[in-house]
Amino acid sequence: MTYASRIIHHSKRLQNAPNLVRQEQALLVRWFSHDAQPSTDILKARRPSCVPSERARGSRSFSSSTKSVSGTFTRDISMTRKLGSSVSESGFNKRLSCMQVLLSRGFSSDAGLPPHQEIGMPSLSPTMSEGNIARWLKKEGDKVSPGEVLCEVETDKATVEMECMEDGYLAKIVRPDGTQGIKVGEVIAITVEEEDDIAKFKDYTPSASGASASAAKESSEPTPPKKEVVAEPVTSPEPKVSKPSAAPVASPSGDRIFASPLARSLAEEHKVPLSSIKGTGPDGSIVKADVEEYLASRGKEAPKAKGAVPAALDYTDIPHSQIRKITASRLLFSKQTIPHYYLTVDTCVDRLMDLRGQLNALQEASGGKRISVNDLVIKAAALALQKVPQCNSSWTDDYIRQFHNVNINVAVQTENGLFVPVIRDANKKGLSSIAEEVRQLAQKAKENSLKPEDYEGGTFTVTNLGGPFGIKQFCAIINPPQSGILAVGSAEKRVVPSSGPELYKFASYMSVTLSCDHRVIDGAIGAEWLKAFKGYIENPESMLL
């Protein structure tokens, strides 16, 4: 008895089969399951009917999905045949095959492409949000192995080599050489495991393009209301501008501005509003002499302006490099958010130059590289930070972070922009090591080949425009999140009082300016640091202890 009632129950369900075959697979299986209850939402749902063209397009299908759906229907159809159901088998099978085409088209993906891997734009620095493809070192069809360089990516600070992580073949380069503004995570290339699969990706387009296209459509839809909003403030000033111009037009009929006919015609001829002319006639009326006086004082410039044709400016638009963009944004952020103040001191460098000469003589004898004044300044700044650690700190919203490592960034100007490679633990290194490291990093900066570890992690910055360019003194902008930067000027000879028998003597002095973040470094602390720095510069032998 229970078995018979179940059969009758299923036969009633099959009466609604023509409405159900248009539904998705999940809803259809739920309807014909033993435990499911009828749902009015399923009966109310309407989908477009399947046409022969759609059946032709949907020839590709997943066998697993088709098998599960057809198996569910076969069981119920066999039960219905025993009861002599009124549902037509031919019409039912036609609708079922149509539904299977719709389902297979919905579940298929990548148009039958073989297994592949989409390589996205990596995040190669903490502040990187987009990057540029400088050049590809591999071509389409080349075999790639772990550790091999695929391409060079221009980040927000430097050009970094991007290495491959797995074995395979480079099937498609989605973003060619020179592509700019690629967001982090956006697909730039496709790799496959088998060499025979390369040709199948000749016309491949990543799936993200569809999302970007839809996003573009969505962004284009709300533009009309935005135009309306923008139009409102534009129209509001129009009446304000038109009111003064309307005053002269309405003046003939009004009694507020009185002018003689000759004065009015002369003013209209020179396009001079009567409201700008002060009348000297009876009751303040404007006469011809008033207009002529106005033209004599001001109106003569108008004909010159009319006849003068402004020369067209000749210019060239230079696209922003990635390093230029990030430098601009960080320095603007620094000046807008960091309360700068500046301290300047003059240091005598005679003894420093003498020590440098002695050290370079030893370096040349041993085959080493020469030591520059900037190398000595870096060493003195590092030791001063060790002596006054409050200046080796950075500001956060909750605390001041004081660093135990003294890492000095050195500003290097290149054709591509300003780079600041870092000398780590400069207080613990010798002058020859600092000189060699600065030379190597400067060369890498000029070649645009710095890696993130070459410029990240600095706690203080030194910039020198004195030696290379002869700048006497300047104020530098703090490089966030640091709290100080030292600007080094040039050395010049001065006449100073002498403590010996002579009244005067010549001495070389160098001006340095310390830019401080007042949130972290108080004025007295900054002065104490400059005092320590000056002590090391004027007594350079103490740096060797």
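Kindly evaluate Ala445 against the criterion of being modelled with pLDDT under 95, outside the structural domain of Arg135 (by the TED database) and open to solvent by 70 Å² or more (accessible area, probe 1.4 Å). Walk me through it before giving the result.
On the way: modelled with pLDDT under 95: yes; outside the structural domain of Arg135 (by the TED database): yes; open to solvent by 70 Å² or more (accessible area, probe 1.4 Å): no.
No, not satisfied.
Scanning segment 375-413 for residues that are in a helix (DSSP H, G or I) and open to solvent by 30 Å² or more (accessible area, probe 1.4 Å) turns up Gln386, Lys387, Pro389, Gln390.
Within segment 105-122, residues that are closer than 19 Å to Glu195 by Cα and among the acidic types (Asp, Glu) sit with their Cβ atoms under 9 Å from residues that are assigned to a helix (DSSP H, G or I) and modelled with pLDDT under 55, at 6+ positions apart or across chains, in these pairs: Glu118/Ala208.
Among the residues making up segment 535-545, a single one is at pLDDT 95 or above and either hydrophobic (A, V, I, L, M, F, W, C) or farther than 12 Å from Arg351 by Cα (or both): Ile537.
When the residues of segment 462-520 are filtered to those that are among the acidic types (Asp, Glu) and open to solvent by 10 Å² or more (accessible area, probe 1.4 Å), the one that is modelled with the highest pLDDT is Glu492.
Screening segment 137-155 for residues that are buried (at least 20 other Cβ atoms within 10 Å of the Cβ) and under 29 Å from Gln413 (Cβ atoms) and picking the one that is farthest from the chain's Cα centre (by Cα) gives Cys151.
Would segment 306-314 turn up any residue that is among the acidic types (Asp, Glu), open to solvent by 60 Å² or more (accessible area, probe 1.4 Å) and either modelled with pLDDT under 85 or under 30 Å from Asp156 (Cβ atoms) (or both)? So that I can check it myself, show each step before the final result.
Quick first cut of segment 306-314, residues among the acidic types (Asp, Glu) only: 314.
Narrowing the set further to residues that are open to solvent by 60 Å² or more (accessible area, probe 1.4 Å) leaves 314.
Checking which are either modelled with pLDDT under 85 or under 30 Å from Asp156 (Cβ atoms) (or both) leaves us with none.
The answer is no, given that none of the residues of segment 306-314 is among the acidic types (Asp, Glu), open to solvent by 60 Å² or more (accessible area, probe 1.4 Å) and either modelled with pLDDT under 85 or under 30 Å from Asp156 (Cβ atoms) (or both).
How many of the residues in segment 414-442 are under 26 Å from the mean Cα position of the chain (by Cα) and either touching a residue at least 40 places away in the same chain (Cβ under 8 Å) or not in a strand (DSSP E or B) (or both)? Explain how you work it out, then say what you get.
Applying the first criterion (under 26 Å from the mean Cα position of the chain (by Cα)) to segment 414-442 yields 414-422, 441-442.
Subset that is either touching a residue at least 40 places away in the same chain (Cβ under 8 Å) or not in a strand (DSSP E or B) (or both): 415-421, 441-442.
Final tally of qualifying residues: 9.
Considering segment 176-210 alone, what residues qualify as being more than 18 Å from the chain's Cα centre (by Cα) and part of a loop (DSSP other than H, G, I, E, B)? Before the answer, list the steps.
Here is the first cut: in segment 176-210, the residues more than 18 Å from the chain's Cα centre (by Cα) are 176-177, 189-210.
Within segment 176-210, Pro176, Asp177, Glu193, Glu194, Lys202, Asp203, Tyr204, Thr205, Pro206, Ser207 qualify.
When each of Pro233, Pro239, Pro224, Pro248 is tested for being crowded, with 18+ Cβ neighbours inside 10 Å, part of a helix (DSSP H, G or I) and either of a type outside the set (S, T, N, Q) or modelled with pLDDT under 90 (or both), the lone residue that passes is Pro248.
The values are calculated or read from the model by the stated rules, or taken from the named source; none is laboratory data. What you see is a predicted model; the values in this text were computed from it and never measured. Every residue, glycine among them, receives a Cβ derived from its backbone with ideal geometry; neighbour counts consider all protein chains shown. With ligands, DNA and RNA removed, areas are computed over all heavy atoms of the protein, side chains included. Shrake-Rupley method; radii C 1.70, N 1.55, O 1.52, S 1.80 Å.
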